[in-house]
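Data first, discussion second: the structure below is written as structure tokens.
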Amino acid sequence: MTDDRIGSPRRGTFRTVWRVTALFLAATLVATCGATLPDQGRPGWGGAGLIGGGGWPFAGDPVSREDAAGAAYIPGSSVLRLKNGRVQLVPFGAESAITVDADDPRVAAAVRSDQAWLARGTVPDGGTAVPADKRAVYREMASRALLDLRLLTRPNGASQASWYGAWRYAWPRDSAFTAAAFVMAGHNSEARRVLRFLARVQTDEGLWAARYHPDGTAVVDGREPQLDSLGWVLWASWFFHAQAPEAAAELPELWRMIERAANHLAESLDVEGLPPPSSDYWERAPDTEEDPRRPTLGVVGPVLAGLRSAASFAQGTGRTKKAYDWQRAAHRLAAAVDRQFAPYGYPRSPIKDGLMDTSVTFIAPPFAPAEPGVTAAIADAVERQTLPNGGVLPGERWSGDPDTAWTPEVALFTLSDAASGRPDAAVSRLDWLAAHRTNLGVLPEKVDEHGDAASVAPLGWTASLVLLSLAALEHPLPVPPAR
């Protein structure tokens, strides 16, 4: 793992300057969940997935390029059968994979453990909304996504974006979706661990750092706190309570975390009802936006969902005064969205002819009640962002590789379709995601113009979104009430 913390005095001035310069260069490459700058000495993008061993602490080790060729996971597990018939797994209590004969008793034990864990919850496959011949493929994709999220989540609840270098950190926004996916699939203890980690690292002001080392220390690289993370954690906390109230009651830290974050967001709204400008899921400095004075929809959408979620949580737990305060703040923000974003078709920045991006899905189900204008804006964004390979870019006129699709963005549109009663569109996108996994069936971060994985695999955010999409096709997901 790389160390992004800025220089130690013991290394001297040259070392400090070098590291600061390197950090600046790395920061310019960061987008969505990670960066395009690989670590030295680690395998490249050829890693097709993670190997596990079925036992605590659910350690994962990446699959090398060579071993991935002709290999396959034993069904329902993170144990890998190699082309030569031997098996790779991480032994109980270890951190690194070993290769053993197929009849080694540790193989059967690890497979049983993984399969038993999956059986303790549910594996969504889209249900009757999906053609019968597709459900087996979707169920296998969902099983893999759940097992990958398990391997990416440390015993202390730190849920890493992925296994490789600049992704091997816990982003609060990604972690929020991991918690939601776990609780939706019935793995409440895992969801609770993720939310407990977030409660532990939250500041007294209700904020989170942009990302964290797996041990819970904040990454010090010059990035300011990102306000969208507050909204996403509030939404995930409410989602946990809505789906599993008894399990949520076993997390006493939950209310204090919600109160701090919601208070911060409510108090941050300006006279127009908007939060201050902040980085969002693009992790780009606000002064690079089309309107640096105002927040992007990538911030506004999660903040609105978060305030509504916090108000609903407070109302449902008998805290009526807080519910009123946060709902009033949500009303102010919703009115600001109607005034400043709606007239222009909900672009990323609230200006005439503003560029569209995937964050328009943040103000649609399952994060907000459906509205015809937003539905139309989502269709507009899809048209502008779709690539010839069927994937989508994060936004219109994307400044990165113009030919490489991002799977979290495809999955966000998928979730929007699934939660909004557009099953055919959701199934079409799920087919694309299923067809563009690695050869081990793992969801990568990016897909290049040739249809090949172009970045790390697995990506936790995409895995979570796929699971939520499949669940939304089976039954309606709860939506934070707007009233």
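Structure values in brief
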read-out	value
Filter pass, residue 329 being touching a residue at least 40 places away in the same chain (Cβ under 8 Å) and of a type in the set (A, V, I, L, M, F, W, C)	yes
Count of residues meeting criterion [open to solvent by less than 10 Å² (accessible area, probe 1.4 Å) and within 18 Å of residue 427 (Cβ to Cβ)] in segment 379-404	2
Set 396, 474: member being more than 26 Å from residue 139 (Cβ to Cβ), in contact (Cβ under 8 Å) with a residue 24 or more places away in the chain and out of contact with any Cys (no Cβ under 6 Å at 6 or more places or on another chain)	396
Among residues of segment 164-185, those that are farther than 22 Å from residue 367 by Cβ and either acidic (Asp, Glu) or open to solvent by 10 Å² or more (accessible area, probe 1.4 Å) (or both), counted	2
Residues of segment 166-221 satisfying the condition of being more than 26 Å from residue 469 (Cβ to Cβ), hydrophobic (A, V, I, L, M, F, W, C) and modelled with pLDDT under 95	166, 220
Single residue of segment 394-440 satisfying the filter (among the basic types (Lys, Arg) and over 26 Å from residue 284 (Cβ atoms)) that is nearest to the chain's Cα centre (by Cα)	437
Residue 465 vs. criteria open to solvent by less than 20 Å² (accessible area, probe 1.4 Å), touching a Gly at 6+ places or on another chain (Cβ under 6 Å) and at pLDDT 95 or above	no
Matching residues, segment 189-246, being among the charged types (D, E, K, R), closer than 17 Å to residue 278 by Cα and surrounded by fewer than 24 Cβ atoms within 10 Å (Cβ to Cβ)	205, 221, 223, 224
Options 359, 279: the member that is surrounded by 17 or more Cβ atoms within 10 Å (Cβ to Cβ) and within 18 Å of residue 397 (Cβ to Cβ)	359
Near pairs, Cβ below 8 angstrom, 6+ apart or cross-chain, from segment 290-301 (more than 15 Å from residue 345 (Cα to Cα)) to any residue that is open to solvent by 50 Å² or more (accessible area, probe 1.4 Å) and among the β-branched types (Val, Ile, Thr)	none
Pairs with Cβ under 7 Å, 6+ apart, first in segment 454-471 and closer than 12 Å to residue 141 by Cα and in contact (Cβ under 8 Å) with a residue 12 or more places away in the chain, second among the charged types (D, E, K, R) and surrounded by fewer than 24 Cβ atoms within 10 Å (Cβ to Cβ)	470/125
Residue count for segment 125-170, restricted to those that are among the aliphatic types (A, V, I, L, M), in contact (Cβ under 8 Å) with a residue 60 or more places away in the chain and assigned to a helix (DSSP H, G or I)	11
All helices (runs of 4 or more DSSP H) inside segment 355-445 with 2 or more residues being closer than 30 Å to residue 71 by Cβ and of a type in the set (A, V, I, L, M, F, W, C)	407-419, 423-435
Failed condition for residue 324, given (1) open to solvent by 10 Å² or more (accessible area, probe 1.4 Å); (2) closer than 23 Å to residue 421 by Cα; (3) hydroxyl-bearing (Ser, Thr, Tyr)	(2)
Selection status of residue 110, over 24 Å from residue 461 (Cβ atoms), open to solvent by 40 Å² or more (accessible area, probe 1.4 Å) and part of a helix (DSSP H, G or I)	no
Members of segment 357-394 that are more than 27 Å from residue 478 (Cα to Cα) and not β-branched (Val, Ile, Thr)	383, 384, 385, 387, 388, 389, 390, 391, 393
Counted residues, segment 340-356 - those being open to solvent by 20 Å² or more (accessible area, probe 1.4 Å) and either farther than 16 Å from residue 272 by Cα or without any contact (Cβ under 8 Å) to a residue 40 or more places away in the chain (or both)	7
Qualifying position, being touching a Pro at 6+ places or on another chain (Cβ under 9 Å), touching a residue at least 60 places away in the same chain (Cβ under 8 Å) and open to solvent by 10 Å² or more (accessible area, probe 1.4 Å), among 427, 442	427
Selection count, segment 214-242, where residues are closer than 24 Å to residue 151 by Cα and out of contact with any Leu (no Cβ under 9 Å at 6 or more places or on another chain)	8
Residue in segment 170-222 that is nearest to residue 283 (Cα to Cα), counting only those that are touching a helix residue (DSSP H, G or I) at 6+ places or on another chain (Cβ under 7 Å) and among the basic types (Lys, Arg)	173
Sole residue being modelled with pLDDT of 95 or more, aliphatic (A, V, I, L, M) and within 30 Å of residue 435 (Cα to Cα), chosen from 379, 335, 314	379
Residues located in segment 63-107, provided they are touching a Phe, Trp or Tyr at 6+ places or on another chain (Cβ under 8 Å) and not in a loop (DSSP other than H, G, I, E, B)	80, 81, 106
Test: residue in segment 45-52 that is under 17 Å from residue 459 (Cβ atoms), surrounded by fewer than 22 Cβ atoms within 10 Å (Cβ to Cβ) and at pLDDT below 90	yes
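The values are calculated or read from the model by the stated rules, or taken from the named source; none is laboratory data. Since we're looking at a predicted model, the values are computed, not measured. Positions of Cβ are generated from backbone atoms using ideal geometry, with glycine treated the same way; all protein chains shown enter the neighbour counts. We work out accessible area using only protein heavy atoms, side chains counted, and drop any ligands, DNA or RNA first. Shrake-Rupley method; radii C 1.70, N 1.55, O 1.52, S 1.80 Å.
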